[in-house]
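The values are calculated or read from the model by the stated rules, or taken from the named source; none is laboratory data. Keep in mind the model is a prediction, meaning the values are calculated, not measured. For neighbour counting, all protein chains shown are included, and Cβ atoms are generated from backbone atoms with ideal geometry for every residue, glycine included.
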Amino acid sequence: MFGDDLELFRNLLERLVRNFADLALPLTRLPEDPESVAVLRGRAHKLKGSSGMIGAANVSRLAGALEEALNENPAATGVRESAARLAAALTTLGREARVYLQDLGPPVATAPPAAERGARIGTEDLAELCRLLDMHDLSAMEKFAALSPSLRQGFAPAAFDRLARFVEELEFGRAAQFLRSLEQSGR
């Protein structure tokens, strides 16, 4: 899925371990109110997709099982058991990821060519970024990284940071929608 883009894989793996560290902890109590159940179900769903994308099949399967258990009966003991199995799998993934990432060494810093740094963004570049985001294509992350210096100059700092957060958290649909709204509002 990532071709030879080891840095993209590394980035996604680090983000997954960091963003879902709370699910690696034992579930001390079952969620009782519908809002808490919905939040946990949403986190399990997002973890299922994110872990599947990087090939962590066991974590993906267990996150799906937790999501399903929450859909069926959030108060059942099956939720606690599913959460415990997921926590164990995430703990193992985190431990293995740390070893793997240490063996890779520090991330390679890549800067865009001098001609691209600070250059004004053309409508074709923005359209291509939106297209990649709409398709949930992981190469949108690379395109965003290449355009970031210009996007940073073209948008208000808070708007750029929000767009970057959407892309980093793989919320590509929201990123595309936000980018279009920035374009329409004149940035």
Inset, instruction - Could you tell me whether any residue of the range 115-131 is within 22 Å of R18 (Cβ to Cβ), among the small types (G, A, S) and at pLDDT 85 or above? - result: no
Legend entry - Matching residues, the range 50-93, being in contact (Cβ under 8 Å) with a residue 60 or more places away in the chain and farther than 16 Å from A24 by Cβ: M53
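For (1) assigned by TED's automatic domain parsing to the domain that holds L30; (2) modelled with pLDDT of 80 or more; (3) farther than 19 Å from L16 by Cβ, each residue gets a yes or a no:
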{"residue": "H45", "(1), (2), (3)": "yes, yes, no"}
{"residue": "M53", "(1), (2), (3)": "yes, yes, no"}
{"residue": "L66", "(1), (2), (3)": "yes, yes, no"}
{"residue": "L70", "(1), (2), (3)": "yes, yes, yes"}
{"residue": "A87", "(1), (2), (3)": "yes, yes, no"}
{"residue": "E96", "(1), (2), (3)": "yes, yes, no"}
{"residue": "H136", "(1), (2), (3)": "no, yes, no"}
{"residue": "F144", "(1), (2), (3)": "no, yes, no"}
Inset, instruction - Tell me which residues, restricted to the range 6-24, are surrounded by 15 or more Cβ atoms within 10 Å (Cβ to Cβ) and farther than 15 Å from L86 by Cα. - result: E7, L8, F9, R10, N11, L12, L13, R15
